[in-house]
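Q: The following block contains the structure, expressed as structure tokens.
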Amino acid sequence: MKRTQVYPFSAIVGQEDMKLALLLNVVNPALGGVLVKGEKGTAKSTAVRALAALLPAVEMAAGCPFHCDPTDAGRLCDACAAKLAKNGALSGVSGFMRVVELPVSATEDRVVGTLDMEYAIKEGEKKFEPGILAEANRNILYVDEINLLDDHVVDVLLDAAAMGVNTVEREGVSYSHPARFVLVGTMNPEEGDIRPQLLDRFALSVEVAGENEAFSRVEVIKRRMAYEAGPREFRGAWEAAEEELARKITAARKLLPQVAIEDELLLRVAEASLKLGVDGHRADITVIKTALTLAALEERKEATLLDVRRAASLALPHRMRRRPFEEASLSVQVLDELFGAAEENGTCAAAE
């Protein structure tokens, strides 16, 4: 299976927070996704589509519509589990992760899949027609203009992302299948916002805008025109950078289970959430998971205060209490007060 040829992730000018948030989620899909807010023409879609090209090949069960991992017996669909029990092993094929796009017009049935009730009644067996969540399993699920998607569909997406399982129930009959994916939502705030309850379900949130320096804007123009004039040559020029970033992702995934964090930093995070008026415990947990992932991405076995500070800037702003029409924000000054001033040589440069 060949990869889809896209604009290189490494060639995107600026947008460091967005690139970092995306990288963190592919290193650690358990984080719970990222929401990218920004005006049109700020490389949101380009970055998401380029992300999959950085990821290594994976083993998938042959013929499985859910792309089950044949080596992970605990996360198999019913059909693969039955084959494993019968044959003692599953045959696999190699493939690449890809971006599965969910259209704004998608209905709930199209997203979760459908059960053929007539077949179930006549034959006494379940017949399931897979939906987008089945296609997204072990892939990247991309929802552009997520703020325009029906709230109930968004709830279904976020539930599946949190549980790693999609369950469809119709008239007393239910069917479940694995649905573990990296969820990426993008939106233009000018077209409307999404409910605070849904915002909290995204692990990370970043805001993007067009480059505000003439030199950077010129660089955007030059790179885009060079890509359109010769896509293959342009990708070749960035091949080394792409390979290095892919290596970092693979190394970080292996290192992540070994990364530790001191209890003192856990306390700092809890105190920060209380001072900021953040509801619940999801924010605290997300900051810690993000800090651990940041350390892994920089190939370190221990998360530091700087990792926590950086993680807080990605995980807390969209969870802060705010009045109607008030923008959520977390200034550098507030971060310095909560976690101390960052040293220049300690900031994360993984996405640069």
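Q: Taking amide H positions as placed in the peptide plane 1.01 Å from N, state which residues far from V259 in sequence (5 or more) or on other chains have amide H under 5 Å from it.
A: Those lying under 5 Å, H to H, from V259: there are none.
Q: Let me ask something else. Looking at the range 111-242 only, what percent of DSSP beta bridges run antiparallel? Nearest 5 please. Let's see the in-between values first.
A: Working: 8 of 13 bridges.
Bridges in the range 111-242 are about 60 percent antiparallel.
Q: Provide the gained length on full extension for the span A214 to D151, in nm with one decimal, where the gain is 0.36 nm per separating residue minus the Cα-Cα distance.
A: On the way: separation 63, 0.36 × 63 = 22.68 nm, distance 3.93 nm.
Contour length minus Cα-Cα distance gives 18.7 nm.
Q: Right, something else. How much of the accessible area of the range 151-226, probe 1.4 Å, is carbon plus sulfur, in whole percent? Mind dumping the intermediate values first?
A: On the way: 2060 of 3950 Å².
C and S fraction of accessible area: 52 percent.
Q: Right, here's the next one. Rounded, prolate or oblate: pick one for the range 154-213, where a ≥ b ≥ c are the square roots of the eigenvalues of its C-alpha gyration tensor, a/c under 1.5 means rounded, and failing that, prolate if a/b is larger than b/c, else oblate.
A: Working: a/c = 3.48, a/b = 2.42, b/c = 1.44.
Note, shape of the range 154-213 comes out prolate.
Q: Taking θ = phi - 60°, what integer Hz values does the Karplus form 6.51 cos²θ - 1.76 cosθ + 1.60 yield along the range 46-51, in sequence order, with x for Gly and Pro?
A: Each residue of the range 46-51 in turn: 4, 5, 5, 5, 6, 4 Hz.
Q: While we're looking at this one, here's another question. Net charge near M187: determine it from the other residues with C-beta under 11 Å of the C-beta of M187, scoring Lys and Arg +1 and Asp and Glu -1.
A: Values: positive: K37, K40, K44; negative: E39, D144, E145, E190, E191, D193, E207.
Neighbour charge sum, excluding M187 itself: -4.
Q: Turning to a different aspect of this structure: Going down the table (K19/K275; K86/K254; K254/K301; K44/K301), which pairs top 23 Å between alpha carbons? Could the numbers behind the result be given before it?
A: On the way: K19/K275 28 Å; K86/K254 32 Å; K254/K301 11 Å; K44/K301 31 Å.
In this structure, K19/K275; K86/K254; K44/K301 lie more than 23 Å apart at Cα.
Q: If you plug each phi of the range 209-224 into the Karplus form 6.51 cos²θ - 1.76 cosθ + 1.60 with θ = phi - 60°, what whole-Hz ³J(HN,Hα) values come out, in order, with x for Gly and Pro?
A: 8, x, 4, 9, 10, 4, 4, 5, 5, 5, 5, 4, 4, 4, 5, 5
Q: Could you tell me the accessible area of E16 in Å² (1.4 Å probe, neighbours in place), rounded to the nearest ten?
A: 70
Q: Only bridges with both residues in the chain count here: give the DSSP antiparallel percent, nearest 5. Can you show the working numbers first?
A: Working: 12 of 30 bridges.
Percentage antiparallel, nearest 5: 40.
Q: Enter the accessible area of L90 (Å², nearest 10), with the probe set to 1.4 Å and all protein chains included.
A: 30
Q: How big is the gap, in Å, between the Cα center of the range 1-67 and the Cα center of the range 68-105?
A: About 21 Å separates the Cα centre of the range 1-67 from the one of the range 68-105.
The values are calculated or read from the model by the stated rules, or taken from the named source; none is laboratory data. Treat the numbers as computed from the prediction; the structure is a model and nothing was measured. When we count neighbours, we look across all protein chains shown, and the Cβ atoms used for this are built from the backbone with ideal geometry, even at glycine. Please note that ligands, DNA and RNA were not included when accessible areas were found on the heavy atoms of the full protein model with its side chains. Shrake-Rupley method; radii C 1.70, N 1.55, O 1.52, S 1.80 Å.
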